[in-house]
Amino acid sequence: MQGVSSIFKDETKLDMSYVPRDLPNREKQLKKLKNHFSGTLSQGISRHVLLYGDIGTGKTVTAKRFCQMISADAKKSGKEIKWARVNCMDHLSPNTILSAVFEELNIRIPERGFSDEEMLDNLRRYLKSRSAHLILILDDVDAHFKKYGCRFIYSLTRFNESFKLKGYEGLSLILISHDNLLERFNPATISSFGHTKIEFSRYTWEELIEIVKQRVNLAFYSGKVNDESIKLIADIASVWGDARFAIELLWKAGKIAEENDDPEVTPEHVRAAKADTYSVITESKLKYLGKHEKLVLLAIARKLRRTGKAYLRTGEAFDVYKVVCEEFGESSRKERQFLDYLKRLHGYGFIDLKISGAGERGRSHLISLPDIPAQVVEEKLREMY
Ligand SMILES: Nc1ncnc2c1ncn2[C@@H]1O[C@H](COP(=O)(O)OP(=O)(O)OP(=O)(O)O)[C@@H](O)[C@H]1O
Ligand SMILES: [Mg+2]
């Protein structure tokens, strides 16, 4: 392959790990974070916050950008704010979470490992010796919470008290999850964590246009992505309100144009990118689902595929869900809980729900899969389960 691209100026600006300086349409969330942590910056007071919202709504990137900014501000006034982000999907237990924090902070641990208490004590010593405050981002904390509940989170909110830390040193938490986890915390944890939460709503079409345009300017040579292509990307991604999907489409469309030696990215490349991307996207999204959410989705996909219809009713879906649970040796949840799962699947964008027409008994919903073939969903879920 030739080394120099005629389309991409800097492809790394489309990496998922890249953190842009400005985050269009997340100014409000950044401002809230800044206000919330103002006492941390000035005096090292511990503050905690939950960021929650659907997939690809900018939670992770906003938390990272905020931490970059606050630690730079601290530096300017001769103080030290360290930050570390741990993804709880990869590091589920308290011990692996703490090991990941140590790795991020370059603190060495003995090969035999440490107990949780020893880890926390070492962290205390590290922070005390530098008079540093640590902001710990526990990303995708839902995964940890599902398995371990509040206990570890609670102990982190008590970190300063437990170790009688008084100066600038201490620990603050930014938790990130898909839904409002605070509702599921026990009273002791809520009282220690506080009630602050910041919502990240799905991006609208207009917002996605801005985000995509920013990446076009950063990653492509001027004039290489036409406006129609940007609009089409926003059209496709606004079904989910997902900036990640939009950026992946942009990148992939660029690659397809490049491979074909075409002079610019056109809607045709975007369409080809979409066809290529959706299964990957779906797979990455499916990972986030809990066991019963997966079973509900599997039931829906299976029924839709077998009947060849566009919609099914909630009652029918509940019946198939019970059968699927039996097949997988799980005990099915009550109908109320099932309806909650449906709402969540709707929130994540996996299914569409609409109230069924007049004359129907009760308030039944019609369920459909918006743009992923039922068979693909079923296969992926089966592989994963
Ligand atoms: N406002 C924004 N401006 C620029 N880029 C954005 C913005 N919001 C999100 N992005 C980009 O979109 C992608 C997805 O964002 P991010 O990873 O922060 O989403 P998320 O809410 O953490 O999603 P998930 O719940 O799947 O982890 C990233 O590449 C990020 O840089
Ligand atoms: Mg994230």
Quick count over region 226-251, residues being touching a helix residue (DSSP H, G or I) at 6+ places or on another chain (Cβ under 7 Å), surrounded by 21 or more Cβ atoms within 10 Å (Cβ to Cβ) and outside any helix (DSSP H, G or I), is 0
The residue that is farthest from K166 (Cα to Cα), considering only those in region 12-39 that are among the basic types (K, R) and open to solvent by 20 Å² or more (accessible area, probe 1.4 Å), is K13
Among residues of region 44-56 being open to solvent by 10 Å² or more (accessible area, probe 1.4 Å) and part of a strand (DSSP E or B), the residue farthest from ligand 2 (Cβ to nearest atom) is H48
When restricted to K213, K197, the only residue within 17 Å of L14 (Cβ to Cβ) and either open to solvent by 20 Å² or more (accessible area, probe 1.4 Å) or among the aromatic types (F, W, Y) (or both) is K213
Within region 57-109, the residues that are farther than 17 Å from E169 by Cβ, small (G, A, S) and open to solvent by 10 Å² or more (accessible area, probe 1.4 Å) are G58, A72, S93, S99, A100
Residue hits (region 63-89; more than 14 Å from L136 (Cα to Cα) and within 12 Å of ligand 2 (Cβ to nearest atom)) are M89
Taking region 194-210 and keeping only residues that are touching a residue at least 40 places away in the same chain (Cβ under 8 Å) and either under 16 Å from V141 (Cβ atoms) or of a type outside the set (F, W, Y) (or both), one is left with G194, T196, K197, I198, E199, F200, S201, R202, E207, E210
If you go through region 186-193 one residue at a time, do you hit one that is surrounded by 14 or more Cβ atoms within 10 Å (Cβ to Cβ), in contact with a His (Cβ under 6 Å, 6 or more places away or on another chain) and under 30 Å from S46 (Cβ atoms)? yes
Going through (1) open to solvent by less than 60 Å² (accessible area, probe 1.4 Å); (2) touching a residue at least 60 places away in the same chain (Cβ under 8 Å); (3) away from ligand 1 (no atom under 16 Å from the Cβ) one by one, Y221 fails only at (1)
Among the residues of region 252-262, are any outside the structural domain of L339 (by TED's automatic domain parsing), at positive phi, open to solvent by 70 Å² or more (accessible area, probe 1.4 Å) and not in a helix (DSSP H, G or I)? yes
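The values are calculated or read from the model by the stated rules, or taken from the named source; none is laboratory data. Computed from a prediction, not measured in an experiment: that's the story for all the values here. Methodologically, a virtual Cβ is constructed for each residue, glycine included, from the backbone with ideal geometry; neighbour enumeration extends over all protein chains shown. Accessible surface is based on the protein model in full, side chains and every heavy atom, while ligands, DNA and RNA are left aside. Shrake-Rupley method; radii C 1.70, N 1.55, O 1.52, S 1.80 Å.
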